[in-house]
1. Per DSSP H run of n ≥ 4, the term is -39500 (n - 2.57); total these for chain A, divide by its residue number, and report the mean residue ellipticity at 222 nm rounded to 500 deg cm²/dmol.
2. Evaluate the distance, in nm, between pseudo-label points positioned 7 Å from the Cα of A:His378 and of A:Arg650 along their respective Cα→Cβ axes.
3. How many times 2.2 N^0.38 Å is the alpha carbon radius of gyration of the protein assembly as shown?
4. Could you do me a favour and compute the accessible area per residue for region A:562-622, 1.4 Å probe, result in Å²?
5. Looking at chain B only, what percent of DSSP beta bridges run antiparallel? Nearest 5 please.
6. Output the DSSP H helices from chain A with an along-axis C-alpha extent of no less than 15 Å and a mean Kyte-Doolittle hydropathy no less than 1.0.
7. If you count only protein heavy atoms with a 1.4 Å probe, what accessible area per residue comes out for region B:6-158, rounded to a whole Å²?
8. May I ask you to list the residues of region A:426-457 whose amide nitrogen lies under 16 Å from a point 7 Å from Cα along the Cα→beta-carbon direction of A:Asp278?
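The values are calculated or read from the model by the stated rules, or taken from the named source; none is laboratory data. Predicted model, so just to flag it, every value in this text is computed and none were measured. Every residue, glycine as well, gets a Cβ built from its backbone with ideal geometry; the counts of neighbours run over all protein chains shown. All accessible areas refer to the heavy atoms of the entire protein, side chains included, with ligands and DNA or RNA removed. Shrake-Rupley method; radii C 1.70, N 1.55, O 1.52, S 1.80 Å.
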Amino acid sequence: MNEKPELQMPLEPERYELSAPPTYHFEIDRREWFKFLGAGLLVVCVSKSVAAAQESGGSRPAPGEALPKEIGAWLHLGENGVVTVYTGKVEMGQNIRTSLSQGVAEELHVPMGKIQMVMGDTQLTPFDRGTFGSLTTPTMNLQLRKVAAAARNLLVDLAAAQWKVDRQRLVAADGKISDPGTKRSVEYGILVKGQQLTQTVPAEEALAPATQWTVAGQPLPKVDGRDFVTGKHKYPSDQKLPEMLYGKIVRPSSFNATLVSLDTHEAEQMPGVTVVHDGNFVGVAAPSSVIASRAAAAIKTEWKSEAQPSNKDLFEYLKKNVTEGGDPTGAPTRYDAGSVEQALASAEHRLQQTYTVSYIAHTPLEPRAALAQWSGDHLTVWTGTQRPFGVRSELAAAFRIPEENVRVLMPDTGSGYGGKHTGDAAVEAARLARSAKRPVKVVWTREEEFTWAYFRPAGVIEVASGMQKDGTITAWEFHNYNSGAAGIRTHYDIANQRIAFHAARTPLRQGSYRGLAATANHFARETHMDELAHVVKMDPLEFRLKNAKDARLRDVYQAAAKKFGWGKAKSGAGQGFGVAGGSEKGGYVATCVEVAVDRASGEVKIVRVVTAFECGAVVNPDGLRNQIEGANIMGLGGALFEAVEFENGRILNGLMSLYRVPRFRDIPPVESVMLDRKDLPSMGAGETPMMGVAPAIGNAIFDATGVRLRSLPLVPNGLKLD
Amino acid sequence: MAKMQINVNGSSRTVEAEAEASLLSVLREQLDLTGTRYGCGEGQCGACTVLIDGKARRSCLTPAAAAANKQITTIEGLAQGEHLHPLQEAFLAEGAMQCAYCTSGMIMSGVSLLNSNSNPSEAEIVRFMEGNICRCGTHPRIVAAIRRAASALKESGR
């Protein structure tokens, strides 16, 4: 077997998603819907299979018929001309409230100001697995555009019927249908007045090609930006209800600890304080956060736990604790092509190296927070989560109530980066609220966020490769222990490959992080590529291009190199240039970095970052540029200095003063080059632009000093030179 | 629990605060001024920044009692009616936010800087803003917004 490996690999389902079965609860009657929404036009987008079944039996539901269950999104046009869009996706800074609105405005031909988005409310929006994996743009944006296009067509039909003219002569623009022949026009809202119209969108609806976009493709500002610069926006941690109490959890002394003894006497004497003890859960609810903290501190607890691994033994531990069964998601964990043994044996150069990545913390600036309210056995929770429907399942399971009894709302939250997939704070607030018989809000402290959330998995990656003297790579063996299978495949053309992910028992709770393991896998792969280039004394960029056939990958490399001025001579001691790139989640990235290393002090300064990125047709150039810049800047932290330190079940650096994240002085100029491919579908951009920065920095440090770094973070304490 | 007067955004408010209550908790829980955010509780991230007598202060570390009889400005008090402060306008113009959770603190720190230095260089901005964390990585846009606001203030002669 010598054929080119398939480039498309299924997206790795996130580990924490597996517990969320796609349950649909949408039994509501069509007339009920209009009672709730008001008269007008309702357009829903259904999954392909359902659409097909419906087409065979007539594409529109009969009056009174329940709407189909497998719904992705829906849109309502009211008599006042306001378009309300319902999606289970959530906003946490990636700017989809704006970009999705642009898609709808584009197809429905309405001004942006007429569109409002209802997002991530399990009672009002369709089921959604969660906002992760860079999937909003390729999936939800497409669904909403189809819904909007269908709505526009229906409105044209309505006007044509009303005026008894051919629909072809009518124009939909700016929220109106007009007839250029007679110069009459009617607003959308007037057209649907007093009506209860429904339309399901079948398999395919013709969409405007990106070359004809007028609203999509534009650098529109954040739709509700004013609410943020005035402080008006209410994040999950800002939510408040009458009679609300403040919750505080008494945490165990270490991970995996069991409560041995408890004395709550003093706390229970405090006025207005409710103490809750349920198994290992100990917490309080109090009239203010100050009293809640005081009460929690007054509770005496004793915990016991077994000895646990520490970060100094981490990588050895992961290698020794490989588990059977591969990736817990069931995602492909192994890929083979050709014969690696033969290719290695006959290679003119062979190289074998090990790379490691540390645990890092998401550190969203808004920590986990939830406000819970019970009404009988019905529960409503406002919380910051990327998976409102998953959190609904968690709550239903925790309290043994049907999911129908639980409503989860997600006010736009203060970022997530893959770190807000679980409902811990929601469960805690709900447990306290049940005993206190009042609404309770729980906002984690920064220390709790650093300790009791979950981390980006640490990992060990072993690479063995073989190549010919001319720089053609012939063998590629790549083993990832624990960090994950995302981005594990090489996008270079190598005939003989063995690539495998090995799950391991892990000392810390771990989960999704922006880009998943693609950051780790790109780091190992692109560092190794650099090492190979050095062996055959080839320019690192030329070496990559020699081994890459994929035109989109070559394009981003060349674009980044051009902007960066790759190939120029060094102008001083300590200066170094590095390049790295790759492809993940449908996007292509290449990053060039310049560093300056002070050999005396060991200080590594990032002088300049240039990242070229291509993700198909660009929906919002400014939003995309913001994501590219942001991903590169966030990536600097994991590349240079972020690492979670732990010992025997305790986090040692779980404070903002102890865990270093990038600050203003760390930030170099970040230039982005966006390759707008209007001929290709739009893909997500929240994650992939981050992939190149860490290996490019490591490669630049090698270029500057000859020191090869194979562990992330690269220089937590500066560069140690002999 | 002690009663005290707090002068916030131009009006005097009476609050009752525990001895260990921070200004942040009083603003958020008693005065519903939730635009001032909690980020770390140890003065490391700047999300809770307010102006006390015109200077940037971390409200999470400021005891409420220490703020009595001083002029406090929070993000909610920055605009004059419908007219945004030039730095608020500049944040919008530069798109200097993603999740925007840091934005209140960034703007309050930036206003404090502009109060004392009407034309800060990029290096001065970076030095002054060092105590404010943005996790989304919008730092270059925040620097650009502060420079833009400085120009706008100069032009308007404020």
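1. -8000 deg cm²/dmol
2. Between A:His378 and A:Arg650, the simple spin-label model gives 4.7 nm.
3. That ratio works out to 0.97.
4. Computed with neighbouring chains in place, this is 34 Å² per residue.
5. Taking every DSSP beta bridge within chain B, about 90 percent pair in antiparallel fashion.
6. Length and hydropathy pass: A:693-705.
7. Ligands and nucleic acids excluded, the result is 37 Å² per residue.
8. The answer is A:426-442.
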